[in-house]
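For reference, the structure is listed below as C-alpha cells.
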Amino acid sequence: MTSEQSTVQGHCDPAFKAVRETFEESFARGRELGAGVAVYADGRLVAELWGGVADRRTGRPWLRDTPCVAFSCTKAVTATAALLLAERGAYDLTGPVTDWWPEFGTHGKERTTAEHLLTHQAGLAAFAEPVTAEDAADPAAMAALLAAQAPLWTPGEGHGYHAVTFGWLAGEIVRRHAGCTVGEFVRREFAGDLDLWIGAPPEVIERAARLSADRRPPGPQAGTSAPRPAGRGAASVRIAEAAADPDGLMARALNSPPPGKGGYNNPVVLAGGWPGAGMVTTASALAAFYRDLVGGRILAPGTLRDALRRRVNGPDKVMVVDTSFGLGYMRPATAFFMPEAGRETAFGHSGAGGSIGMGDVEAGIAVAYVPNLLAGQLSVDLRAYRLVEAVYSSLG
C-alpha cells in the first residue's frame, strides 16, 4: 500500500470494498488532495471514508468532520426546501410566481411559474448588472435585482443552467413562504444536527477544507487505464470552449456574482448563504441528507416521485451540452453522467469542483463525495463517476 493510500481512513463494508479501492486509487494516482466519500444502502452506512490534506498551505489533515464547500450540490438542498413548502400547500408549483412575488412580473415574466424557477427555465441565468460577493449576502436584494430584470429568453421556452442565480430564485420561494433564509429553513426542518450549512458560522469556516486548483497539466482524468465513459471527452471540450469565452453566457452565469478574493475560499461567500452554490458540508452529512430524502423522511414519496419527473431534457442554453432536470434535481444526462445501472433512476446534483450528492430510490442508495482539489472541467468529474460506478457494482 502506498503512502497516499494509507492516508485513507474510515470504514467500509466488505461488500462495498470497490468503493474503498476506487477512493484509494484516486489518491495513489495523485488525483486528490483531500476528500471524503460516504455511502448509504437501504438506510445503512456502508462506507464512510476520508483522507488527504484539508489545507495545502499548512498540511492540515482532512478529518472525519472536515467540511468543504460543495458548489452546486447546494441546489438540490435548496430545491428540497422549496418542495417541502409546496407539499405543505404554501404555494402552487404550476401557478404564476406573481401570485406571491408580484414584483417579479416585469419584462414579460408574468407567466413564469415556480416550476420554471426550479427547472432552469426562467431565463435569468446571469445578473444584468455587476454584483459583488458582499452584495450577495442579502437574499432580498438579489431577488429584487432578478425580479426587475428582463429574461434572456421567454420563460418556459427552453432551459439553461442558472449556475448561481438559481439559488436566489428558488430561495425566494422559501423566503416568501417561510419568512427565513434557505439556510435557516434547512437546518430547522431537516438538516438538524448534520454538518451541513448554507451560511456557515465562523467556527465551521475556520475548520473547513481549503480549495486548491489542480496544478497538473491537462490530461486523462483519474490516472487510470479505465476507459472514459462514451461521449465524455467531446462534451468536456465543448464545455471548456464555452467557459473560456469571457463574454459568453456560460462564463457570465458561472461568475454571477464572482466570489471575490480567494474564490470559493472567501469567507464572505461561505458565510453569505448562497443558496445556489455556497453549501459547506461533509460527505457524510450530504449522504445522510440523500438517505433521508430517499427514505421518505423529508418529502413524501409521492412528492419526490413527481419532483423527479423530467421536466426538461436536451440542449442547455448555458451548458452547451444536454442537461435534464426534474424540480431542482439533476437527472442523468451528459452533464450528470451516471453508470448504466442508474441511467433511469439516479437523481441529485453535481458541483463544479468535482463534488456530487445523489440518491436512487429504486436501488436504495445515497452517495456523496466532496473533494478540495478542484476538477479542471465543469462536466461530471470522473473521480465522482467512478465512485458512483463502484457503488452500483457493489449492490447485490
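What the table below lists for this structure:
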{"quantity": "Subset of segment 85-117 (residues that are surrounded by fewer than 18 Cβ atoms within 10 Å (Cβ to Cβ), of a type in the set (D, E, K, R) and not in a helix (DSSP H, G or I))", "calculated": "R88, D92, E110, R111"}
{"quantity": "Candidates A191, A125, A213, filtered to the one that is at pLDDT below 95 and either at negative phi or surrounded by 18 or more Cβ atoms within 10 Å (Cβ to Cβ) (or both)", "calculated": "A213"}
{"quantity": "Failed item in (1) over 17 Å from M319 (Cα atoms); (2) open to solvent by less than 20 Å² (accessible area, probe 1.4 Å); (3) touching a Lys or Arg at 6+ places or on another chain (Cβ under 7 Å), with V77 passing the rest", "calculated": "(3)"}
{"quantity": "Verdict on A141 being of a type outside the set (D, E), free of Cβ contacts under 8 Å to residues at least 12 places away in the same chain and either surrounded by fewer than 18 Cβ atoms within 10 Å (Cβ to Cβ) or not in a loop (DSSP other than H, G, I, E, B) (or both)", "calculated": "yes"}
{"quantity": "Some residue of segment 351-372 being without any contact (Cβ under 8 Å) to a residue 40 or more places away in the chain, of a type outside the set (F, W, Y) and closer than 25 Å to G248 by Cβ", "calculated": "yes"}
{"quantity": "Verdict on E157 being assigned to a helix (DSSP H, G or I), at pLDDT 95 or above and more than 18 Å from the chain's Cα centre (by Cα)", "calculated": "no"}
{"quantity": "Index of the failed condition, L378 passing every other in (1) within 15 Å of the chain's Cα centre (by Cα); (2) modelled with pLDDT of 95 or more; (3) open to solvent by 20 Å² or more (accessible area, probe 1.4 Å)", "calculated": "(2)"}
{"quantity": "Residue in segment 162-174 that is surrounded by 22 or more Cβ atoms within 10 Å (Cβ to Cβ), closer than 19 Å to T66 by Cα and at pLDDT 95 or above present", "calculated": "no"}
{"quantity": "Tally of residues being out of contact with any strand residue (DSSP E or B) (no Cβ under 7 Å at 6 or more places or on another chain) and either among the charged types (D, E, K, R) or without any contact (Cβ under 8 Å) to a residue 12 or more places away in the chain (or both) across segment 305-329", "calculated": "4"}
{"quantity": "Considering residues of segment 18-61 that are hydroxyl-bearing (S, T, Y) and surrounded by 20 or more Cβ atoms within 10 Å (Cβ to Cβ) only, the residue farthest from G359 (Cα to Cα)", "calculated": "S26"}
{"quantity": "Scope segment 288-322; condition hydroxyl-bearing (S, T, Y) and open to solvent by less than 20 Å² (accessible area, probe 1.4 Å); matching residues", "calculated": "Y290"}
{"quantity": "Any hit, segment 282-295, residues being in a loop (DSSP other than H, G, I, E, B), under 25 Å from N265 (Cα atoms) and touching a residue at least 24 places away in the same chain (Cβ under 8 Å)", "calculated": "yes"}
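The values are calculated or read from the model by the stated rules, or taken from the named source; none is laboratory data. Every value quoted in this text rests on a predicted model; they were computed, and no experiment measured them. Here Cβ is always computed from backbone atoms with ideal geometry, including for glycine, and neighbour counts include all displayed protein chains. Just so you know, the surface numbers come from the protein's heavy atoms only, side chains and all, with ligands and any DNA or RNA stripped out. Shrake-Rupley method; radii C 1.70, N 1.55, O 1.52, S 1.80 Å.
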